[in-house]
Amino acid sequence: MTTTLTNLTSALADAIAQADGLAAVHLTAAAGPFDTAPLPAATLSLARLDRGSADDFLDGLWRVEFELAIWRRDGQPQANAAALQALADDAIDALLEDPTQGGLASPGSGGSPTEILRVSPGPQQGPPLGSILIRFACRVLPADGLTPLPEPERVQIDGSSPLASGPHRLVIHGEHRRRIDRAFAGLNGTVSIDLGSSGRTMTLAGRLVGISRADLLVQVADVESFNDGLGHTLAAPDGRTFAGVRFDEIRWGRVLSPDADGVSAIGYQIDLSRGGA
């Protein structure tokens, strides 16, 4: 588990512990039978981790699902079920009191940083032990989500590094040759006419990081200035240099504020092309 997830899990456990009536919150690998005093108690486990899910692609967020099982002992099944539901309601209120969990969770494309997915009967229903299960999700930046690359690994455009404030990656796609196939009367088969190289396409994806929202917007404007229809010189970290590179499209994610100190960040994907010889 990364430091990001460790810190988030600890923050969630602390929040849940504020729910009325819970004696303890235990971190476990998976929700399973729990029959250790004191009860009522809760177990919190990591259920699923999606990296770069479709909804949050440009934002570069991880979607982390957790399972929270609450355990209670009562010889009366109906009374136990009602009490477990009340404990679940209190635990949900505690989770949503600060949906960012102290700034560790970021709003997803669909809304809240912490989202309750479902509440269902838990893995243990036979008296006297009963349980209820809460499935919820948080969206977080990866551990290195705000870390700039070392200078030798940065992409340069026209001799500058407009993407240097955050992590980024350049993918250089292969060149393809263009051709036209023509059929002629009296000739079996076709004649292939070589039209030369179709050029090369590239993709730049990453995240800009600013010390403030205003600083971030200045960086965004700087990157947008390259989308002028002109050819630019791109220097890749592997030493290759490409002239005549044009910005075809820049797509931006949402402005995120993942740090209480005022840091802001935004994800992007840039499609570029370089004409053939």
Structure-derived P(r) over Cα pairs in 10 Å bins from 0, in percent - corresponding label in (i) 6, 28, 34, 22, 8, 1, 0; (ii) 6, 23, 21, 16, 13, 10, 6, 3, 1, 0; (iii) 7, 29, 34, 17, 5, 4, 2, 1, 0: (ii)
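Using DSSP to call loops (not H, G, I, E or B), can you name the trypsin sites (Lys or Arg not before Pro) in region 8-105 whose Cβ has at most 12 other Cβ atoms within 10 angstrom?
On the way: sites: Arg48, Arg51, Arg63, Arg72, Arg73; in loops: none.
Sparse-neighbourhood loop trypsin sites (Lys or Arg not before Pro): none present.
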Using alpha-carbon coordinates, inclination of helix 77-97 to the longest axis of the chain, degrees: 40 degrees
Euclidean distance between Cα centres, region 1-25 to region 87-153, Å: 10 Å
Values of log10 I(q)/I(0), in the order q = 0.14, 0.17 Å⁻¹, for region 3-140 under a Debye, Cα-only, solvent-free model: -0.60, -0.85
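Could you put Val255, Val245 in order, starting from the residue whose Cβ has the fewest other Cβ atoms within 10 Å? Working shown, then result.
Details: Val255 16, Val245 23.
Going from sparsest to densest Cβ surroundings: Val255, Val245.
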Relative contact order of the chain, defined on C-alpha pairs under 8 angstrom at six or more residues apart (%): 16 percent
Rounded to 10°, Cα long-axis angle of helix 213-224 versus longest principal axis of the chain: 30 degrees
Most positive-pole-ward Cα, Ser273, Leu216, Asn227, against dipole of the chain from beta carbon charges: Ser273
Listed residue (Leu68, Ala19, Pro148) projecting farthest to the positive dipole end of the chain, Cβ model: Pro148
Within the chain: Cβ-based charge dipole about Cα centre, in debye rounded to nearest 20 (Lys, Arg +1; Asp, Glu -1): 1080 debye
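Values in this text are rule-based calculations from the coordinates and carry no lab data. Not measured: the values here are computed from a predicted model. Cβ sites come from the backbone with ideal geometry, for glycine too, and all protein chains shown count toward neighbours.
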